[in-house]
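As structure tokens, the structure follows; a few thoughts come after it.
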Amino acid sequence: MSERTKTITLDIIEAVRDVLRKHEVTFPEYRAGFAHMIKTQEAGEIPLLIDVYLNSTIVEIENKKRVGSKATLQGPYFLENAPVVEDEIALRGQDKEHPRMIMRGKVTDLDGQPVAGAVIDVWHSTPDGKYSGIHDDIPMEFYRGKLVTDEDGNYEARSILPVPYQIPNTGPTGELLEKHLDYHSWRPAHIHYWVHADGLRDLITQAYFEGGDWVDDDCCDGVDDEFIVAEAFEDGVRVMEVDFRLDPALAVAKAAE
Ligand code: MBD
Ligand code: FE
């Protein structure tokens, strides 16, 4: 274990102990908290719970060091090995009538030079607010894909519009948000992006739809004005134009630490 891992781990434990002391947490309360964590584990919701509460803090730290486009939440539903998409992300038969969208934009470096051959992983919800490869046995080739930029750094693909999305709320995470914390479990419609390009720093971000429900009240606190894409249409189809300006890659020694 690295020195840094050890230091952070011990600090987390100490921070939690401070909270227990501050509130003089009792045996039954301790067991109740414990039981909730076990329920979360059994429901397969550990990634969800952690991302709902802590992903936005990592984003905050990350963005202090970024000069180009800012990062935002990754969320728990990224999957590796999505198919490369040329024109259109795979649509399920029952979704063919759902409104479409066009995703396009340009990848550049900090000097504004176009980045050819950048790979952009995109993923978004189905019209019923689910993620393929995760929920309801939806095969992972739907609503995910790798878009590759052309020689001018441009990418473009079509898909269907994602919808405002209720994070799974019938399990322990929903119970915590809605019942114990008196909050809600809605996120605005969004598209996830993970941009990879040689020699440049990866960027994980999302785009939101201007005017959409929950844009102003995201349960995961992931929206900032710069991620909201103005409403625009082309032949009646919503266009989501999102450019990415990538920082240089971090020094290798640092990344491997
Ligand atoms: C999601 O789809 C998501 O994007 C985040 C950040 C958290 C939970 C579910
Ligand atoms: Fe999401």
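Could you please find all residues in region 181-196 being under 22 Å from Leu79 (Cβ atoms), out of contact with any Ser or Thr (no Cβ under 8 Å at 6 or more places or on another chain) and more than 15 Å from ligand 2 (Cβ to nearest atom)? The one that is under 22 Å from Leu79 (Cβ atoms), out of contact with any Ser or Thr (no Cβ under 8 Å at 6 or more places or on another chain) and more than 15 Å from ligand 2 (Cβ to nearest atom): His196. Out of everything in region 153-164 that is touching a strand residue (DSSP E or B) at 6+ places or on another chain (Cβ under 8 Å) and buried (at least 20 other Cβ atoms within 10 Å of the Cβ), what residue ends up being farthest from Asp216 (Cα to Cα)? My answer is Gly153. Against the numbered list (1) in a strand (DSSP E or B); (2) hydrophobic (A, V, I, L, M, F, W, C); (3) within 14 Å of ligand 1 (Cβ to nearest atom), Met240 comes up short only at (3). Pairing residues of region 69-85 that are at negative phi with residues that are part of a loop (DSSP other than H, G, I, E, B) and more than 9 Å from ligand 2 (Cβ to nearest atom), at Cβ distances under 6 Å and at least 6 apart in sequence or on separate chains, gives Tyr77/Ile134; Leu79/Gly133; Leu79/Met140; Pro83/Glu141.
Filtering region 237-257 to residues that are more than 15 Å from Ile204 (Cβ to Cβ) and modelled with pLDDT of 95 or more leaves Val237, Arg238, Val239, Met240, Glu241, Asp243, Pro248.
This table checks each residue for (1) of a type in the set (D, E, K, R); (2) surrounded by 17 or more Cβ atoms within 10 Å (Cβ to Cβ); (3) more than 12 Å from the chain's Cα centre (by Cα).
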| position | (1), (2), (3) |
| --- | --- |
| Gln41 | no, no, yes |
| Asn55 | no, yes, no |
| Ile61 | no, no, yes |
| Lys65 | yes, no, yes |
| Thr72 | no, yes, no |
| Pro76 | no, yes, no |
| Asn81 | no, no, yes |
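Taken over region 120-152, the residue count meeting the criterion of being part of a strand (DSSP E or B), among the hydrophobic types (A, V, I, L, M, F, W, C) and crowded, with 17+ Cβ neighbours inside 10 Å is 5. Restrict the check to region 110-117 and report whether at least one residue is in contact with a Pro (Cβ under 8 Å, 6 or more places away or on another chain), farther than 30 Å from Ala32 by Cα and either aliphatic (A, V, I, L, M) or surrounded by fewer than 18 Cβ atoms within 10 Å (Cβ to Cβ) (or both). Yes, that holds for at least one residue. Looking only at residues of region 181-194 that are within 20 Å of Val223 (Cα to Cα) and part of a loop (DSSP other than H, G, I, E, B), we find that the one that is farthest from the chain's Cα centre (by Cα) is Tyr183. Answer yes or no: is there a residue in region 173-180 that is assigned to a loop (DSSP other than H, G, I, E, B), crowded, with 19+ Cβ neighbours inside 10 Å and either modelled with pLDDT of 95 or more or within 15 Å of ligand 2 (Cβ to nearest atom) (or both). Scanning region 173-180 turns up no residue that is assigned to a loop (DSSP other than H, G, I, E, B), crowded, with 19+ Cβ neighbours inside 10 Å and either modelled with pLDDT of 95 or more or within 15 Å of ligand 2 (Cβ to nearest atom) (or both).
Residues checked against (1) out of contact with any Lys or Arg (no Cβ under 7 Å at 6 or more places or on another chain); (2) of a type outside the set (Gly, Ala, Ser):
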| site | (1), (2) |
| --- | --- |
| Thr9 | yes, yes |
| Ala15 | yes, no |
| Gly33 | yes, no |
| Leu49 | yes, yes |
| Ser69 | no, no |
| Gln94 | yes, yes |
| Arg100 | no, yes |
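Within region 115-139, restricting attention to residues that are within 15 Å of ligand 1 (Cβ to nearest atom) and of a type in the set (A, V, I, L, M, F, W, C), the residue that is farthest from Arg201 (Cα to Cα) is Ile138. Return yes when Glu62 is without any contact (Cβ under 8 Å) to a residue 12 or more places away in the chain and on the phi < 0 side of the Ramachandran plot and no when it is not. It is true that Glu62 is without any contact (Cβ under 8 Å) to a residue 12 or more places away in the chain and on the phi < 0 side of the Ramachandran plot. Regarding region 202-210, can at least one residue be identified that is acidic (Asp, Glu), more than 16 Å from ligand 2 (Cβ to nearest atom) and assigned to a strand (DSSP E or B)? No - not one qualifying residue is present in region 202-210. Examine region 16-24 for a residue that is within 16 Å of ligand 2 (Cβ to nearest atom), of a type outside the set (Val, Ile, Thr) and not in a helix (DSSP H, G or I), and state whether such a residue exists. No, region 16-24 has no match at all.
The values are calculated or read from the model by the stated rules, or taken from the named source; none is laboratory data. Since this is a predicted model, take the numbers as computed values, not measurements. Cβ atoms come from the backbone with ideal geometry, glycine included; neighbour counts cover every protein chain shown.
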